[in-house]
Amino acid sequence: MPDIITRDGTIKQDNWTLVPRPAAGDSLEVPAQPALIPADLWLAGQEHFEGRQDIGVWLDSHDEPEMLAEVVERLPIVAVNFPKFSDGRGYSIARLLRERYGYGNELRAVGDVLLDQLQFMKRCGFDSYALRPDKDISKAPRCLNFFSQTYQAATDTDLPLFRRRAS
Amino acid sequence: MYVYDDHDRQILAERVAQFRDQTERALAGELSEDEFLPLRLQNGLYVQRFAPMLRICVPYGMMRSAQLRRLARITRDYDKGYAHFTTRQNVQLNWPAIEDVPDILAELGEVEMHANQTSGNCIRNTTTDQFAGAQHGEVADPRPYCEIIRQWSTFHPEFAFLPRKFKVAVNALESTDRAAIQVHDIGLQMITNASGDLGFRVHVGGGLGRTPMVGPVIREFLPELDLLTYLEAILRVYNRYGRRDNKYKARIKILVKALTPEGFAEKVEVEWSHIKDSPTRLTRDAIERIQGYFTEPAYLSLDNNSEQLAAQRFENRAFDQWMSRNVDNHKVPGYAIVTLSMKKTGVPPGDVTDRQLEQIADLADQYSFGEIRVTHQQNVVLADVRQDRLFELWELLGPLGFATPNLNTLTDIICCPGGDYCALANAKSIPVAESIQRRFDNMDFLYDVGDLDLNISGCMNACGHHHVGDIGVLGVDKKGEEFYQISLGGSSRQDAAIGKILGPSFAQEDMPEVVEKIIGVYLDQRTPEERFIDTYRRIGIEPFKERVYA
Ligand code: SF4
């Protein structure tokens, strides 16, 4: 069971497993335990999955979060995959899910999740992080909080520095 | 000039601590090279052909004398005693040791300097006209807006891993564009609309490199309070849809072209409609607070063009030449804008020694309220010099090597570091600049030729802006040998254009002669009021081809 870091730096374990996209022609095998399935397949099988607290979805970095606009509030968890840590699309996806579509449940970063990007992820609305297993998880809390001050508004704050300075 | 408050200082201190930690983890093998790469790039650290290179940020080109002195000390303590002014108004050190970089950044931080986002696939230093705030005719001072963009773009959590680098430039004059905004990823032209409100005309998708392009306008008028939300919308569209499969197709210009400017503009408008009124929307107070840092220095009340100055010019021809070429009009009577030429023949364009940095700092303190600006032509500006002290300043500049009266002429060459320093180079660029400077050492001839941009890049990355020179020179590699391709008719100004390739490339030793032939065609064919580019546009490239390849 992998360790998951949460936004406050605590480490938890859970058994959400990520179900990869089945190869073309194959059908989706949903395991018995809590599972994250590709978002478009959840939508395709919405009548089965709707309301199930043990089925969440994951988006790849090229997926459009718009597809979840109507249903996202009813999902227990959404994961966003970073195929490579330098692929920055996941940050925009997270902000859109949170700020545009009002998603309030757990938003998890998965894939090539490293230490030095954690605070950016947190600021964009991710609240749990499946750190790549070869990275030293004990350093995660510090990396989540390198900066005590930030310039911009983002998912984590409505107050960009220029508004805080004014008050 | 902007002064840090506690917030800025704290963010910078935390950044220095973060990079120290990252460097330690990299040296300890906890970060792979691949993982460390974007972290060090976003702290200005490249690994170059012979040594690492550190690119230090000079926000919109402005520095105080204390910062120059600190730079001088750093080049002495950590490097070989010189620095290099870049074509994006920044400063580079060519030989720092990787393990020293955290200390260098800490020293820079003490004088409110850093190397944040000077490289990597993120939003880079925002640049503007080097005469900003000191010249007539500006819609408003562009620097407060550059500072606002700096703060917004610094460690922006959503845009630290863009498909490719991203550069923004702001211009406040409607008649001249020294900031070359149309060849930036975003170019912001400050304007007022019919009701007198301040705003920006927004160009997107200009750029040099492999696919040079002049940036089309995607919005005719953006009210100033909407600046950041609109930038955020552009960046979000780019971050989501810019190509990531091919480095050479990853700049925003390729996306704008693929979607068409109209299609791109529409996507931005849709995105913007959602975030227009978000907390990122600027407030009048926020703008005024930043504007408060860019107030005018304590100018005396003086008169223009005194008899004394006229007499000095009359009596001393060299001073008169320098006045015509290197001194510009100031908006305040009795003041002038002086550009120090860093293009003395035999010195690589933009290079300065530690001692020279200190001399410039002293001159800034004595003559220009302690501030300087770096230009994208790699020169240095003292923006607020009293006219009655120009002569004595000029007398000081000569022996320091900063008074070469060649500004905007053929020998005021923009030149990237090229094969002498840069790992990416196809060819050397500095020796080509020098050989051309040596060939054209007659000032009267240079003045007769008039304003002319000759720009040299050592490879397709175009750091030397060769596409937008009247004459552009590009280093190419032909079977392991260094050759140079010439293009004509480029411009980075209001009438921005990408130069056209003349024909087959030349060997290094032929370059001065080829340039001479090109100039010859211009001199033979021009009408009295024509600049090089005007003649070129009228007669086309053929006459140049005929003469050069005859
Ligand atoms: S243009 Fe090429 S050779 Fe010149 S500095 Fe840029 S990358 Fe290096």
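Each value in this text was obtained by applying a stated rule to the coordinates, not by laboratory testing. What you see is a predicted model; the values in this text were computed from it and never measured. A quick note on method: Cβ atoms are made from the backbone with ideal geometry, for glycine too, and the neighbour counts reach across all protein chains shown.
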*Per residue of B:87-98, what is the mean number of Cβ atoms on other protein chains within 10 angstrom of that residue's Cβ?*
0
*Using only C-alpha positions, report the orientation-averaged shadow area of the convex hull of the stretch B:227-298, nm², one decimal.*
7.1 nm²
*Taking only the C-alpha atoms, wrap a convex hull around the stretch B:6-109 and report its volume per residue in Å³ as a whole number.*
108 Å³
_Rg in Å to one decimal, and Dmax rounded to a whole Å, for the stretch B:135-291 via C-alpha atoms_ = 15.0, 46
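When the convex hull of the Cα atoms of the stretch B:312-468 is projected onto a plane and the area is averaged over all directions, what value comes out in nm²? Mind showing how you got there, number by number?
Details: hull surface 38.7 nm².
Convex hull of Cα atoms, orientation-averaged projection: 9.7 nm².
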_Please state the shape class of the stretch B:72-124: rounded when a/c is under 1.5, otherwise prolate if a/b exceeds b/c and oblate if not, all from the C-alpha gyration tensor._
prolate
*Using the 4.7 Å Cβ rule, please list in number order the cysteines from chain B without any candidate partner.*
B:57, B:122, B:146, B:415, B:422, B:459
_Students often get this wrong, so check it: of B:249/B:276; B:165/B:478; B:428/B:500, which have C-alpha atoms separated by over 26 Å?_
B:249/B:276; B:165/B:478
*Would you give the gap between the C-alpha center of the stretch B:308-342 and the C-alpha center of the stretch B:74-99, rounded to a whole Å?*
31 Å
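Which value in deg cm²/dmol, rounded to the nearest 500, describes the helix-derived mean residue ellipticity at 222 nm for chain B, given -39,500 (n - 2.57) per DSSP H run of n ≥ 4 and division by the residue count? Before the final figure, lay out the partial values.
Values: 18 runs with 203 residues, N = 550.
The per-residue figure over chain B is -11500 deg cm²/dmol.
Given a cut-off of 22 Å, what percent of all Cα-Cα pairs of the stretch A:3-163 lie beyond it? Don't skip to the answer; put the middle values down first.
Working: 5328 of 12880 pairs.
Percent of Cα pairs beyond 22 Å in the stretch A:3-163: 41.
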*Can you pull the three principal axis extents for the Cα set of the stretch B:414-548, in Å, largest first?*
44, 29, 26
*How high is the relative contact order of the stretch B:306-400, given as a whole-number percent (alpha carbon pairs under 8 Å, six or more residues apart)?*
30 percent
*For the stretch B:81-155, list log₁₀ I(q)/I(0) at each q in 0.11, 0.12, 0.13, 0.15 Å⁻¹, using the Debye formula over Cα point scatterers of equal strength and ignoring solvent, two decimals each.*
-0.37, -0.44, -0.51, -0.67
*Mind ranking B:453-461, A:56-64, A:113-121, B:308-316 by how tightly packed they are, going by the mean number of other C-beta atoms within 10 angstrom, highest first?*
B:453-461, A:113-121, A:56-64, B:308-316
*Cα point-scatterer Debye curve for the stretch B:306-400, base-10 log of I(q)/I(0) at q = 0.12, 0.16, 0.18 Å⁻¹*: -0.36, -0.65, -0.83
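Contact order normalised by length for the stretch B:410-549, with contacts defined as Cα pairs under 8 Å and 6 or more residues apart; what percent is it? Numbers along the way, then the final one.
Numbers: 280 pairs, mean separation 26.6, N = 140.
That works out to 19 percent.
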*Pull out a ≥ b ≥ c, the square roots of the eigenvalues of the alpha-carbon gyration tensor of the stretch B:51-194, then state rounded if a/c is under 1.5, prolate if not and a/b is larger than b/c, and oblate in the remaining case.*
prolate
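To the nearest whole number, what is the average tally of beta carbon atoms from other chains within 10 Å of the beta carbons of peptide B:144-157? Mind dumping the intermediate values first?
Numbers: counts 0, 0, 0, 0, 2, 0, 1, 5, 6, 2, 4, 9, 7, 19.
The mean count of partner-chain Cβ atoms within 10 Å per residue comes to 4.
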*Pulled fully out, how much extra length does the chain show between residue A:11 and residue A:43, if you take 0.36 nm times their separation in residues and subtract their Cα-Cα distance?*
8.4 nm
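All other residues with a Cβ under 15 Å from the Cβ of residue A:162 taken together, and with Lys, Arg as +1 and Asp, Glu as -1, what is their net charge?
Working: positive: A:163, A:164, A:165, B:150, B:281, B:284, B:289; negative: A:158, B:5, B:6, B:8, B:147, B:224, B:226, B:232, B:285, B:288.
Net local charge, residue A:162 excluded: -3.
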*Residues in the stretch B:216-242 near a label at residue A:21, defined as backbone nitrogen under 19 Å from the 7 Å Cα→Cβ point?*
B:240-242
_residue B:258/residue A:84 FRET efficiency (R0 22 Å; Cβ-Cβ; nearest 0.05)_ = 0.50
*Under 25 Å from the Cα of residue A:139, which lysines turn up, not counting those fewer than eight places away in the same chain?*
A:12, A:84, A:122
*Would you tell me the mean number of C-beta atoms belonging to other protein chains that fall within 10 Å of each C-beta in A:108-115, as a whole number?*
1
*Show which aspartates and glutamates lie in cross-link reach of residue B:344 when reach means a straight Cα distance below 12 angstrom and same-chain residues fewer than eight apart are skipped.*
B:412, B:434, B:441
*Taking the convex hull of the alpha carbon atoms in chain B, what volume per residue do you get, in Å³?*
158 Å³
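Using R₀ = 25 Å, calculate the FRET efficiency as 1/(1 + (r/R₀)^6) where r is the Cβ-Cβ separation of residue B:477 and residue B:509; round to 0.05.
Working: r = 17 Å, r/R0 = 0.68.
Rounded to the nearest 0.05, the efficiency is 0.90.
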*Please report the relative contact order for chain B, taking Cα pairs under 8 Å with a sequence separation of at least 6, and give it as a percent rounded to a whole number.*
12 percent
*Kindly provide the Kirkwood hydrodynamic radius of the stretch B:389-442 in Å, to one decimal, from all pairs of distinct alpha carbon atoms.*
13.1 Å
*Mind jotting down the distance between the C-alpha centroids of the stretch A:64-118 and the stretch B:467-500, whole Å?*
44 Å
*asked:* For the stretch B:175-189 and the stretch B:131-159, what is the centre-to-centre distance using only Cα atoms, to the nearest Å?
replied: 13 Å
*Taking neighbour counts of Cβ atoms within 10 Å as a proxy for exposure, in what order, fewest first, do B:331, B:343 appear?*
B:331, B:343
*Tell me, what is the FRET efficiency for residue B:310 and residue B:194 to the nearest 0.05, using R0 = 41 angstrom and their Cβ-Cβ distance as r?*
0.45
*What are the extents of the Cα atoms of the protein assembly as shown along their three principal axes, listed from largest to smallest and rounded to whole Å?*
93, 59, 57
